[in-house]
Amino acid sequence: MGFLDENMKAVAFDLDDTLIDGKRMHHAALIEALNKFGIKRKRLKWIRGATSEEILKYNLPSLDIALIKKIAIYKRKVVKKYLKLAKPIPYSHELLKHLKQKGLILGLITNNSHNEIKAFLKHFKFSFFHVVVGMDHAKPKPNPDMFNLFMKKANISKKDFVYVGDSNHDILACKKAGIRIILMTKIHKAKLFKKADFVAKNLKDVEKIINSI
């Protein structure tokens, strides 16, 4: 079946490392936030798909939860200062434009905050999405709440769409919600591949997979 089959109504995407390469941007903003609160760090071990709170807890387990929250909130306020450190993933605009032209509902389901999403979409000129769900709207991935909210807003069921993501958080959330996932494999170990419904090396591969579903 092709993606114009009546059962295929929507495609939803993760943002970081799926549509944009934003690790350096997020890392720089988080380092500034730590410095703001008197914590001097030059580098943090990164966790793909994790929230700022999760990254802080992992790297600085002795930090008070309330302080972690304050640092994460500050990071989300200053991250747009570092937009120049991020760049779109190759073929992202072309793929989104093509899917929208075919009449599919396009969704964005990301662990970023509303303010971050707004800044990123404007900066990268991603004006393709019909439904956007971030961490301000529902519990972040790997909780499946974001997917349930997306389906409600788009008025579709889990059999009607596929999700494109890049992290174990994405896989876990999709499995809990009963959603098919295309996993971007460029940066992953093979052990994650078997957990995904489909695997893609790049966004051109994603397009081919969507065409074949």
remark   = Here the residues within region 68-85 that are buried (at least 18 other Cβ atoms within 10 Å of the Cβ) and β-branched (Val, Ile, Thr) are Ile68, Ile71, Val79
message = I'm trying to understand the selection: among the residues of region 156-184, which are assigned to a helix (DSSP H, G or I) and among the hydrophobic types (A, V, I, L, M, F, W, C)?
response = Ile171, Leu172, Ala173, Cys174, Ala177
ask   = Any chance region 101-117 includes a residue that's assigned by TED's automatic domain parsing to the domain that holds Phe161, modelled with pLDDT of 95 or more, buried (at least 19 other Cβ atoms within 10 Å of the Cβ) and among the acidic types (Asp, Glu)?
value = yes
task = Out of the residues in region 147-172 that are without any contact (Cβ under 8 Å) to a residue 60 or more places away in the chain and among the aliphatic types (A, V, I, L, M), state the one that is farthest from Asp197 (Cα to Cα).
result = Leu149
Inter-residue pairs, beta-carbon under 9 Å, first touching a residue at least 40 places away in the same chain (Cβ under 8 Å) and more than 19 Å from Lys139 (Cα to Cα) and in region 53-81, second among the aromatic types (Phe, Trp, Tyr) and surrounded by 14 or more Cβ atoms within 10 Å (Cβ to Cβ), 6+ apart = Val79/Phe120; Lys80/Phe120
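One line per residue, one yes/no per condition, for (1) farther than 22 Å from Lys118 by Cβ; (2) hydroxyl-bearing (Ser, Thr, Tyr):
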site: Lys23; (1), (2): no, no
site: Phe37; (1), (2): yes, no
site: Ser52; (1), (2): no, yes
site: Asp64; (1), (2): yes, no
site: Ile73; (1), (2): no, no
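Restricting the search to region 46-104, which residues are of a type in the set (Ser, Thr, Tyr), outside any helix (DSSP H, G or I) and over 30 Å from Glu207 (Cα atoms)? Let's see the steps before the verdict.
In the first step, residues of region 46-104 are kept if they are of a type in the set (Ser, Thr, Tyr); the result is 51-52, 58, 62, 74, 82, 91-92.
Cutting the leftovers down to outside any helix (DSSP H, G or I) gives us 51, 62, 91.
Once the filter is applied, which keeps residues that are of a type in the set (Ser, Thr, Tyr), outside any helix (DSSP H, G or I) and over 30 Å from Glu207 (Cα atoms), region 46-104 yields only Ser62.
When region 3-42 is examined, which residues are found to be of a type in the set (A, V, I, L, M, F, W, C), surrounded by 14 or more Cβ atoms within 10 Å (Cβ to Cβ) and not in a helix (DSSP H, G or I)? Explain how you work it out, then say what you get.
Within region 3-42, the first condition is being of a type in the set (A, V, I, L, M, F, W, C), and the residues that meet it are 3-4, 8, 10-13, 15, 19-20, 25, 28-31, 33-34, 37, 39.
Retained after the next criterion (residues that are surrounded by 14 or more Cβ atoms within 10 Å (Cβ to Cβ)): 3, 8, 10-13, 15, 19-20, 25, 28-31, 33-34, 39.
Of everything in region 3-42, those that are of a type in the set (A, V, I, L, M, F, W, C), surrounded by 14 or more Cβ atoms within 10 Å (Cβ to Cβ) and not in a helix (DSSP H, G or I) turn out to be Phe3, Met8, Ala10, Val11, Ala12, Phe13, Leu15, Leu19, Ile20, Ile39.
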remark   = Checked pairs for region 133-146, first not assigned by TED's automatic domain parsing to the domain that holds Leu15, second of a type in the set (S, T, N, Q) and crowded, with 16+ Cβ neighbours inside 10 Å, C-beta under 7 Å and 6 or more apart or across chains, list as none
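Quick check on Ile65: is it within 15 Å of the chain's Cα centre (by Cα) and farther than 30 Å from Lys9 by Cα? Give the steps one after another, and end with the answer.
Details: within 15 Å of the chain's Cα centre (by Cα): no; farther than 30 Å from Lys9 by Cα: yes.
Against the criterion (within 15 Å of the chain's Cα centre (by Cα) and farther than 30 Å from Lys9 by Cα), Ile65 does not qualify.
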query = Mind checking which residues of region 128-155 are closer than 16 Å to Ala10 by Cα and in a loop (DSSP other than H, G, I, E, B)?
reply = Phe128, Phe129, His130, Asn155
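The values are calculated or read from the model by the stated rules, or taken from the named source; none is laboratory data. Since this is a predicted model, take the numbers as computed values, not measurements. Quick reminder, even Gly has a Cβ in these numbers, built from the backbone with ideal geometry, and neighbours come from all protein chains shown.
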